[in-house]
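A short worksheet on the structure shown next.
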Amino acid sequence: MGTKTVDETGAETGADTERDETAVEATEAGDVTVTEAEAEAEAEPDEVPAGSGVGQGAAAVVSAALGLVSLTGGWLGTVAAARETLVGQLETAADAGIATQVKEVYGDAWNTTALWAGLFALTALIVGVVVLARPAFGTPGRTLQAPWIKSVAWAGVSLGVIGLLLAVLKYTDVLLALPATG
């Protein structure tokens, strides 16, 4: 990997002249010599240093997790739907029609589940976009972002878009509408 100096080779050739002029002299201990170009390449690595981007990586993982929760339904959405079912049962009169009972007990709970899924999806989408856009607003000259962070952030954005689309379709009764009564 090192470059020999003119003294070590004994003769100069045309191609070696430039290399030899920029070579660092070897020490008496036998260390390998390094050219100035190699020293500059070592000083400015092409990769992101270890430990940097921890916050961005964590935010990307959170984005993907929120997107997944928006698709599978989270604990919070389930609890909110159960609460809405209970409220519907309490507020619906015993002599109310079947259509009213179905809407109050099941329809509102379905819409509540869709609403919470949509909120998780929107949050996943926003967090993922912020992670992807962060390098543009960072320190000038330091725009490198680890590839895995970009991949996970894109996964969060994708899951957020899919979750948001499904939540809107559920909320508007385009997807799995309540059965017709009557």
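The values are calculated or read from the model by the stated rules, or taken from the named source; none is laboratory data. This structure is a prediction, so every number in the text was calculated from the model and none was measured. Reconstructed Cβ throughout: ideal geometry from the backbone, glycine too, with neighbour counts over all protein chains shown. Just the protein is used for accessible areas: all its heavy atoms, side chains included, with ligands, DNA and RNA removed. Shrake-Rupley method; radii C 1.70, N 1.55, O 1.52, S 1.80 Å.
Distance from the Cα centre of the stretch 88-164 to that of the stretch 166-182, in angstrom?
18
Give me the distance in nm between label points sitting 7 Å out from Cα along the Cα-to-Cβ direction at ALA93 and ALA146, one decimal.
6.3
Sort 65-74, 168-177, 144-153 by the packing proxy (mean of other Cβ within 10 Å over each peptide's residues), most packed first.
Numbers: 65-74: 19.7, 168-177: 13.3, 144-153: 17.3.
Ranking, from highest mean packing down: 65-74, 144-153, 168-177.
For the stretch 58-182, state the average projected area of the convex hull of the C-alpha atoms over all orientations, rounded to one decimal in nm². It would help to have the intermediate numbers written out before the result.
Details: hull surface 34.6 nm².
Projected area, direction-averaged: 8.7 nm².
Using r as the Cβ-Cβ distance of THR78 and VAL174, and R0 as 25 Å, what FRET efficiency do you calculate, to the nearest 0.05? Intermediate values should be presented prior to the final figure.
Numbers: r = 22 Å, r/R0 = 0.88.
E between THR78 and VAL174, to the nearest 0.05, is 0.70.
Enter the accessible area per residue of the stretch 70-149 (Å², integer; probe 1.4 Å; all protein chains in place). Before the final figure, lay out each step's value.
Numbers: 4900 Å² over 80 residues.
I get 61 Å² per residue for the stretch 70-149.
What is the gain in length, in nm to one decimal, between PHE137 and TYR106 on full extension, counting 0.36 nm per residue of separation less the C-alpha to C-alpha distance? Working shown, then result.
Numbers: separation 31, 0.36 × 31 = 11.16 nm, distance 4.62 nm.
Taking 0.36 nm per residue and subtracting the Cα distance, the gain is 6.5 nm.
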